[in-house]
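Below is one structure, written out as structure tokens; comments come after it.
The values are calculated or read from the model by the stated rules, or taken from the named source; none is laboratory data. The shown structure was predicted, so the numbers you read here are calculated from the model rather than taken from an experiment. FYI the Cβ positions are ideal-geometry reconstructions off the backbone, even for glycines, and counts take in every protein chain you see. Areas reflect the complete protein model, heavy atoms only, side chains present, ligands, DNA and RNA absent. Shrake-Rupley method; radii C 1.70, N 1.55, O 1.52, S 1.80 Å.
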Amino acid sequence: MLINFNLTEYSPNVSKCLSSWAKMLQDCNGNTNCLEECGKELRACLDTAFPNSTKLEFESDKINYMFSTIFFLSNRLTKAITGLSEIDKAIGNIVKEEKQSLDGSSDENKRNYENMKKELNDVLEKYF
């Protein structure tokens, strides 16, 4: 994703980065590697949209705060979507393949519940 930006049009540039990122996400179809690559592309796009502070004629803590907030939120959103993909897989393994619910008191349902709980905790630890 290579986008040329004007130096002082930050809000339209961020919108372009997010729009391009969202389009790429649609093609990932839940593939976590693809989602992580899209996140890298988003951060690279934002790096281009926000030049190094040495390229600005002025340095401002308020401007840096806004820029860092955008980067933080984009990073969190990327991780959250990747984590959501992992949760989809974990739920899909129980519900789609085994045609089971986690309700009930059978030993198999209890095992499924414990496996699901472990996978959920692993995803939360890794992405959140």
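The table that follows gives values for the structure above.
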quantity: FRET efficiency estimate (nearest 0.05) - Cβ-Cβ, Lys118 to Asn29, R0 22 angstrom; calculated: 0.30
quantity: Area of Tyr113 that stays accessible when all protein chains are in place (1.4 Å probe, Å², to 10); calculated: 110
